[in-house]
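Report on the following structure.
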Amino acid sequence: MKLAVIPARGGSKRIPRKNIKSFGGLPMIAWSIRAAISSQCFDRIIVSTDDDEIAKVAKAYGAEVPFVRPDELSDDHTGTIPVVAHAVAWHNAQGIAATEVCCLYATAPFIQASDVQRGLEILQSSGADYAFSVTTYAFPIQRAIRITPHQRVQMFQPEHFNTRSQDLIEAWHDAGQFYWGNAQAWVKHQPLFTENATTVAIPRHRVQDIDTPEDWERAEWMFKSMKLSTKENHDI
C-alpha cells in the first residue's frame, strides 16, 4: 500500500498559521494535497497535525486526518523522519501495511503531480531507500564567503578563488517538496542524506523554501510569474 504523509503542525512562529494561510487563492496545504491526489500514486493521503483548524482544511481538500499528532512530536525541534515514522507505525497498526511512503511538505506550492510520479518510479527502479526532490545551487558553493565578527570577508574554500566555474563540481540541495521512501526506512529512522538515497531533479524556477516572510513574498512573485507565463503560452 502506498501512503502519503503531509506533516502540518499548528505552531509556526515566523509565518503564523502558514500551513493554511492563503496562497494563490488556496490554503497553502491544499497545493500539496492536490498534487498528491492528482498523481494517483496513493492509496491513502494522511495529514499529520496537532491542530483542529488545519485538520478541518485538510479534510475539505480531500486528505484524511485519522489521528491527532502527539504533543511530543509537535514542538519546534522534532524532525520530519520521526513524524513520518509515527504516521507509518500508526497506519501499520490498523492492519494494512504500508510499502512505499511519500512525505510531502505542506508548504510546497510548486509541487507537481508528475514529479511525485517520477519520484515513485525512481525509488522503485533504483533500489534505494529514499528518493527525494533536489535542485542545483544558483552559485558555486566552493566560492561561498562568510562575514567575520569584524565585518571582514573569508572564503570557505579559498583554494578555489581562481578556479573557473565550469571546473567546479556542481552542487545540489534538498528542494523541500517531497521524500519517497520504503516504509521500513522511515520506521527505522534511517537518515535521508546518505548513499542509500537517490534524487529527483527539479528545476530551480520551481523551488522555493518558505520559512520567513521574505520567502513567502518571493514565492508569491514566482507564482504570479508562472501563472502569467502559462496564460501567455495558452494565448499563443
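Summary of values
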| read-out | value |
| --- | --- |
| FRET efficiency, 1/(1 + (r/R0)^6) with R0 25 Å, evaluated for Q166 and D209 via beta carbons | 0.40 |
| Sites S38 and R146, calculated FRET efficiency, Cβ-Cβ separation with R0 30 Å, nearest 0.05 | 0.10 |
| Pair-distance profile P(r), taking every C-alpha pair of region 1-159, with 10 angstrom steps and integer % | 10, 34, 30, 16, 9, 2, 0 |
| Reachable lysines from K2, criterion Cα separation under 29 angstrom, eight or more residues apart if same chain | K18, K21, K56, K59, K188 |
| Highest-first arrangement of 107-115, 157-165, where packing means the average Cβ count within 10 Å | 107-115, 157-165 |
| Region 81-236: equivalent-ellipsoid semi-axes (sqrt of 5 x gyration tensor eigenvalues, Cα, Å) | 32, 24, 17 |
| Under-5 Å amide H pairs with I6, H placed in peptide plane, nonlocal only | I46, V47, S48, L104 |
| Computed label-point distance, nm, for sites N92 and D75 using a 7 Å Cα→Cβ extension | 2.6 nm |
| Per-residue SASA entry for I122, accessible area with 1.4 Å probe, Å² rounded to 10 | 40 Å² |
| Separation of alpha-carbon centers, region 151-216 and region 109-144, rounded to whole Å | 10 Å |
| Cα-based Rg of region 144-223 normalised by 2.2 N^0.38 Å, two decimals | 1.53 |
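The values are calculated or read from the model by the stated rules, or taken from the named source; none is laboratory data. Because the structure is predicted, anything quoted here is derived from the model rather than measured. Note that we place each Cβ from the backbone using ideal geometry, even for glycine, and neighbour counts take in every protein chain shown. With ligands, DNA and RNA removed, areas are computed over all heavy atoms of the protein, side chains included. Shrake-Rupley method; radii C 1.70, N 1.55, O 1.52, S 1.80 Å.
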